[in-house]
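Read-outs: derived from the displayed coordinates by stated rules, not from any lab. Here the structure is a predicted model, which is why all the values come from computation and not from measurement. Note that each Cβ is placed from the backbone with ideal geometry, even for glycine, and that neighbours are counted across all protein chains shown.
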Amino acid sequence: MEFDIEKITTKGDTDTRPLFEMEQKGIFEKEIDRAVSEKRVDFAVHSMKDVPSTLDSSLTIACIPKRESANDILITNEGFSLDSIPSGSTVGSSSLRRAVQISRKRPDLNVKPIRGNIETRINKVTEKKIDGIVLAKAGISRLGVDTKHSVLSKDEFLPSPGQGALAIICRSDDSKTIQMLKKIEDANSRIEIEAERSLSEHIDSGCRFPVGAYASVKSDSLILKVGVYSMDGKKSILIEENGTVDNPFELGKKIGNELKSQGVSEIASNWREKLEEWNKQ
């Protein structure tokens, strides 16, 4: 089957501010999805973690292909691990979640906000403007970029909900395209992502509020691990629950309610108050 590819530049591509400084959710996908809604294109491919937990009713996530690695990686010129990178090194991140997770494990490092596309961020390392950066492993793999890096454990560095997965979005009433896309659907990836997105929707998390979540299918069981962190990293809520593969939404909702009962709203409020201080670094 042949396809015509239309490249669309979005606000997320052109705005030079760090992602967490922007108010609007869906800054990478909204303009592209508008092209789908207006029938200028038949479907759109997004990084799942950039897709808001609720979509316009005219659109649907028609397909979730097999998920790639959800791990984060540390890129340095020397190939340091997070344990071996020298004290006092400066590590860049565009993600609030990653910034806090790095500081929790290595409080002796300087973690700074960083912006730009993947190539721009990697160049800051190779040009020695910064000692290291933390990125999603899947993003590097898709670009085919060769880097010296170490993989960070998902146990210590819970990824962003949906990280490593793709979302293929089309019009809800376009049954022909939906049927075509379903041929590359991965059932387990769909189940895992639905649990993670259900959690995000229930607590309304996003780029401005760091939540780590990773679901995994084990036979007929579904395991969802979630981590929420205060800005200084001193307070955290870590939850792991088991559910069934036939109801991933309920598992996400269950953990969302547990987070609320343990004070996630207070942590979210603290982030909003402290965000400007982080941005000034």
### Query
For residue 49, all conditions in the list (1) under 28 Å from residue 170 (Cβ atoms); (2) not in a helix (DSSP H, G or I) hold save one; what is the number of the exception?
(2)
## Note on the structure
When the range 142-188 is checked residue by residue, the ones that are small (Gly, Ala, Ser) and within 15 Å of the chain's Cα centre (by Cα) are 160, 162, 164, 165, 167
### Task
Looking only at the range 166-178, decide whether some residue is of a type in the set (D, E, K, R) and part of a strand (DSSP E or B).
yes
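Residue-wise test of (1) small (Gly, Ala, Ser); (2) closer than 23 Å to residue 50 by Cα.
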| residue | (1), (2) |
| --- | --- |
| 178 | no, yes |
| 181 | no, yes |
| 213 | yes, yes |
| 217 | no, yes |
| 229 | no, yes |
| 237 | no, no |
| 241 | no, no |
### Residues of the range 110-160 that turn out to be part of a helix (DSSP H, G or I) and under 20 Å from residue 87 (Cβ atoms), as a count
1
